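The values are calculated or read from the model by the stated rules, or taken from the named source; none is laboratory data. Remember, it's a predicted structure, so these values are computed and weren't measured experimentally. In this analysis, Cβ positions are derived from the backbone assuming ideal geometry, glycine residues included, and neighbour counts consider all displayed protein chains. Side chains are part of the model used for accessible areas, which takes the heavy atoms of the whole protein and leaves out ligands, DNA and RNA. Shrake-Rupley method; radii C 1.70, N 1.55, O 1.52, S 1.80 Å.
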Amino acid sequence: MIASEIRDEILDILGDIAPDEDLSNLADDKPFREQLELDSMDFLDIVMELRKRHRIQIPEEDYTHLASMGSTVAYLEPLMKDIAKK
Amino acid sequence: MSTHAPDSLPDEQRIVITGVGLTAPNGNNLTEYRQALLRGQSGVSNYEIRYVGPTLAGVCKFDALRYQSKKDLRRGTRAGSVGIYAAGEAIADAGLEWSSVEKSRVGIYLGVTEHGNVETENEIFLLKGYDYDTAYWSHHHNPRTVANNPAGEVSLNLGVTGPHYTIGAACAAGNAGLIQGAQMLRLGDCDLALAGGVSESIHTFGIFASFKAQGALASHADPTKASRPFDVNRNGIVVAEGGCVFVLERLSDARARGAKIYGELAGYAINTDATDFVLPNPDRQAECIQLALTRAGIAPRDIDIVSTHATGTGQGDAQECAALRKAFAESDKTFFNNTKSFIGHAMGAAGALELAGNLPSFVDGMCHATINVDELDPDCALTTLVTNEPRPIGQCEYILNNSFGMLGINSAVIIRRFA
């Protein structure tokens, strides 16, 4: 997957986790929490969905990389470069 | 023995029902539900669940998004959602201005037959797809399966900071929730109780499979005919989901705010068979009924309607009828009906839903029937059993609601017309 595909995948996951939110204007450089009502259980949902969908294991010490869309995509790019878009 | 007889108590100890919120397989508010009961409309339909396959169930079709966001619905449990809907409807029905209610003085007491089976089964099912690697087990599992979950979800939804918990009482739980709420009001632990019962049981295959293994799962070519307590051809239980929450208040508080009053708690009792895991004991059931009557300070013939517990099993129905013949031997004016014949067995919600379905009798003077009695089982013969068609009974003063459960828990609640 390339960066834009990873971004689409995260948006899809967020759509499941935060179904009441409008994700169309999500700014990549701002923390998710400043734009969406997400709590720690929601971030664990992002981690779990990546694990279930793509078998990606994200260690707890790396959770801080999931703060914004930009940082999430940057963190996932090397981990997902060999994963084909479904 | 302590008495609960309303006339012997000060207004601060008298407990009244001032709101009813419910979802049943044949109605999503008291008006719809009552009309369905008087029309003879069943809520049982074809249903399929993993591993068990095609079966029958009482399925609710309430608008869950009326009181919950999509996110909260996804995060929570079906039992929580049922509870939130019923509580929201009860508060609206009670005419409470929720924003001005002191949330620390509200208590939530919901009866459950079981809780957590649905989520555990779902997680294990999903885990199988990951070769049982527990790294894929959901972090939502614990908050969804803790026993207080349904009541806790209601507290989160409503911002209630007073006590909340569930009451595990098998199929007597609906009555037990109401009783707990009344007790907490009398103790002064809360000023307003949201009390009743909830069930999500149709979403666990285990309950169907276990009843089937026990030879106690109903089947019938016509789903609406499957739940048939007292009929000679009854063949078991139709599992149902549902919920019913009552707003309970002390009479003094209800009067102060000019609340509409559905009825007044006149007496109640809970006792235990201590004889078998599943088989009922009619002697203990009769004692439970008698204890509730004694506490209410009334005689059997004062009861106008007995809402029976009967579930449609061969032995259970006959045993309850034996208990009723014993407890009501001296009364020829007490009518008996059964609500499970319409909606199936709503487990933790059953007691509360069945009581709610009868409350309008105080106003309309009708006793709804037990339907699907094509051939009355002689072992279930009660001379004043109201079969198949509702019956006008004139002014109804007292309703007694039976609810019994596994491990020998018995409960009876008596509600008096408020005049």
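Residues in region B:50-61 that are open to solvent by 20 Å² or more (accessible area, probe 1.4 Å) and in contact with a helix residue (DSSP H, G or I) (Cβ under 6 Å, 6 or more places away or on another chain) were compared, and the one that is farthest from residue B:21 (Cα to Cα) is B:51.
For region B:223-236, the set of residues classified as under 19 Å from residue B:212 (Cα atoms) and open to solvent by less than 10 Å² (accessible area, probe 1.4 Å) consists of B:226, B:227, B:229, B:236, listed by residue number. Checking each residue in region A:1-28 for being within 13 Å of chain B (Cβ to nearest Cβ), assigned to a helix (DSSP H, G or I) and surrounded by 15 or more Cβ atoms within 10 Å (Cβ to Cβ) picks out A:13, A:14, A:17. Are any residues in region B:241-282 of a type in the set (S, T, N, Q), touching an Asp or Glu at 6+ places or on another chain (Cβ under 8 Å) and either open to solvent by less than 10 Å² (accessible area, probe 1.4 Å) or in a loop (DSSP other than H, G, I, E, B) (or both), and if so, which ones? Once the filter is applied, which keeps residues that are of a type in the set (S, T, N, Q), touching an Asp or Glu at 6+ places or on another chain (Cβ under 8 Å) and either open to solvent by less than 10 Å² (accessible area, probe 1.4 Å) or in a loop (DSSP other than H, G, I, E, B) (or both), region B:241-282 yields only B:281. Can you say whether residue B:33 is within 16 Å of the chain's Cα centre (by Cα) and either open to solvent by less than 70 Å² (accessible area, probe 1.4 Å) or within 14 Å of chain A (Cβ to nearest Cβ) (or both), as far as the supplied structure shows? So residue B:33 passes the test. Residue A:4 falls short of the stated requirement of being of a type in the set (S, T, N, Q), out of contact with any Cys (no Cβ under 7 Å at 6 or more places or on another chain), farther than 19 Å from residue B:136 by Cβ and in contact (Cβ under 8 Å) with a residue 12 or more places away in the chain. Going by what's in this entry, would residue B:79 be described as assigned by TED's automatic domain parsing to the domain that holds residue B:165, outside any loop (DSSP other than H, G, I, E, B) and within 15 Å of the chain's Cα centre (by Cα)? Here the answer is yes, as residue B:79 does meet what is asked. Counting only residues that are open to solvent by 60 Å² or more (accessible area, probe 1.4 Å) and at the interface with chain B (Cβ under 10 Å from one of its Cβ atoms), region A:29-54 holds 2 of them. Here is a check on your reading of the model: is residue A:44 modelled with pLDDT of 95 or more, closer than 30 Å to residue B:65 by Cβ and in a helix (DSSP H, G or I)? In short, yes.
Of the strands (runs of 3 or more DSSP E) entirely within region B:329-419, those holding at least 3 residues that are under 25 Å from residue B:225 (Cβ atoms) and in contact (Cβ under 8 Å) with a residue 60 or more places away in the chain occupy B:398-405.
Given the criteria more than 30 Å from residue B:46 (Cβ to Cβ), surrounded by fewer than 16 Cβ atoms within 10 Å (Cβ to Cβ) and touching a helix residue (DSSP H, G or I) at 6+ places or on another chain (Cβ under 8 Å), does residue B:164 qualify?
So residue B:164 does not fit the description; no.
When residue B:72 is tested against (1) touching a strand residue (DSSP E or B) at 6+ places or on another chain (Cβ under 8 Å); (2) at negative phi, only condition (1) is not met. Given the criteria more than 12 Å from chain A (Cβ to nearest Cβ), open to solvent by 60 Å² or more (accessible area, probe 1.4 Å) and closer than 24 Å to residue B:209 by Cα, does residue B:117 qualify? The answer is yes for residue B:117. Against the criterion of being out of contact with any Asp or Glu (no Cβ under 8 Å at 6 or more places or on another chain), open to solvent by 10 Å² or more (accessible area, probe 1.4 Å) and free of Cβ contacts under 8 Å to residues at least 40 places away in the same chain, residue B:213 qualifies. Looking at region A:55-65, is at least one residue closer than 17 Å to residue B:73 by Cα and at the interface with chain B (Cβ under 9 Å from one of its Cβ atoms)? Looking through region A:55-65, none of the residues is closer than 17 Å to residue B:73 by Cα and at the interface with chain B (Cβ under 9 Å from one of its Cβ atoms).
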